[in-house]
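*Asks:* The following block contains the structure, expressed as C-alpha cells.
The values are calculated or read from the model by the stated rules, or taken from the named source; none is laboratory data. From a predicted model like this one, the values you see are computed outputs, not experimental measurements. FYI the Cβ positions are ideal-geometry reconstructions off the backbone, even for glycines, and counts take in every protein chain you see.
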Amino acid sequence: MAEISDRAAAGSSAPTISIIVPSWHDAENLSALLPVLAGLNGIREIIVADAGGDAATEHLARRHGAILCSCPAPNRGAQMNLGARAASADMLLFQHADTELTARHVSAIDLACREPAVIGGAFFRKFDDRHPRLMWLEQFARFLTRNGGTLYGDQSVFVRREVFSQLDGFAEIPLMEDMEFSRRLRAAGKVVVLDPPVGTSSRRHSREGAWRKTIQNGLFILLYKIGVSPRRLHRWYYADRPASGPQADKSFPQEPRAAER
C-alpha cells in the first residue's frame, strides 16, 4: 500500500465537506434527509449517486440543490466512487439515506480533523428503535468499534479526499465494500470514531428479529473474512428476499446494512 502523504493531512483549518449519498429507489428516505443536509453549514456540496434512475430521486436532488450522478447499475462501491470523483471539498463524507446527520455531527468532524494526523473516521451509532435488546447491541458495537473494529457504511464514514484517492476508493464488489475499505483506511493512518452517535434504521432487526439478524450478519462477515467471495455472499444473502410487494426490502441491494450487523 502506498504511504499516505503528509500533505493529505496537512493544515489545521476546518475542512470543507462533500456529502455523498448512494441511493437505489430511496426517494422516501431522501425526502427526509436532503432538506436537513441542505441546511447544514460547512457543506460544500451534496452529491446523490443514484442507480435507480427514478424521477422522484432526480426531482428531490434538484429541489434541494444536490448534484445528481447516475450509475448504470446498482453497486454501492461504484456509486460512492462516482460521487467522490464529482466532489471538490477537502473531506468526503459517505452518508446512507436512512441515517441521520446533524449540525452536531458536522461540528464533530470539523473539530476532529483540525488535528493534521487524522485522515478519516466515522461515528458511533444508535438505532431509531430504543428496544433494550438493540440498546445492548449498540454498546457491544461501540466496544468493537473503539477497539479497531470495522467502520460500517451507516456510520457516516468520512475521509480526506486525497487519502481516498491514494487508497483507490472503494472496492467495486457486490458486498462488504465497507469492511474492505475500513481495513485499508485503518492501516493508512489515524482514524477517529466520534460522538454523538448517528441514528440509523433498525427496520430489519425489528422485522426479522434482532438476534436472528445479528447472528446471520455475523456469519456472513466470518465467511467473508475466511475468503468466501463477495459475489457468492451477495447471492446467498439475498436469495430469500422478495423482489416486490409490501414486504420487499427497499434499501440498497448490495450489502447487509451495517446497522444490522
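*Asks:* If you check R146, R160, which single one turns out to be basic (K, R) and either at pLDDT below 90 or within 22 Å of A84 (Cβ to Cβ) (or both)?
*Replies:* R160
*Asks:* Only one of (1) at pLDDT 95 or above; (2) of a type in the set (K, R); (3) under 17 Å from the mean Cα position of the chain (by Cα) fails for R125. Which number is that?
*Replies:* (1)
*Asks:* If you go through region 172-186, how many residues are touching a residue at least 40 places away in the same chain (Cβ under 8 Å) and surrounded by fewer than 19 Cβ atoms within 10 Å (Cβ to Cβ)?
*Replies:* Residues flagged as touching a residue at least 40 places away in the same chain (Cβ under 8 Å) and surrounded by fewer than 19 Cβ atoms within 10 Å (Cβ to Cβ) within region 172-186 amount to 2.
*Asks:* T102 passes all but one of (1) in contact (Cβ under 8 Å) with a residue 12 or more places away in the chain; (2) more than 18 Å from the chain's Cα centre (by Cα); (3) under 24 Å from T16 (Cβ atoms); which number fails?
*Replies:* (2)
*Asks:* How many of the residues making up region 30-73 are under 19 Å from T16 (Cα atoms), free of Cβ contacts under 8 Å to residues at least 40 places away in the same chain and assigned to a strand (DSSP E or B)?
*Replies:* Final tally of qualifying residues: 3.
*Asks:* Output the number of the condition that A97 fails; it satisfies all remaining conditions of (1) farther than 20 Å from V157 by Cα; (2) in a loop (DSSP other than H, G, I, E, B); (3) in contact with a helix residue (DSSP H, G or I) (Cβ under 7 Å, 6 or more places away or on another chain).
*Replies:* So A97 meets the others, but not (1).
*Asks:* Taking into account only those residues within region 150-171 that are assigned to a loop (DSSP other than H, G, I, E, B) and in contact with a helix residue (DSSP H, G or I) (Cβ under 7 Å, 6 or more places away or on another chain), which is surrounded by the fewest Cβ atoms within 10 Å (Cβ to Cβ)?
*Replies:* Applying the filter and picking the extreme gives A171.
*Asks:* Within region 187-215, take every residue that is β-branched (V, I, T) and at pLDDT below 90 and give me the one that is surrounded by the most Cβ atoms within 10 Å (Cβ to Cβ).
*Replies:* Checking each candidate, the answer is T200.
*Asks:* So which residues in region 216-255 are in a loop (DSSP other than H, G, I, E, B), modelled with pLDDT of 85 or more and of a type in the set (A, V, I, L, M)?
*Replies:* Residues satisfying the conditions are I226, V228.
*Asks:* Inspect all residues belonging to region 101-114 and state whether any of them is part of a strand (DSSP E or B) and either buried (at least 18 other Cβ atoms within 10 Å of the Cβ) or modelled with pLDDT of 95 or more (or both).
*Replies:* No; the residues of region 101-114 include none that is part of a strand (DSSP E or B) and either buried (at least 18 other Cβ atoms within 10 Å of the Cβ) or modelled with pLDDT of 95 or more (or both).
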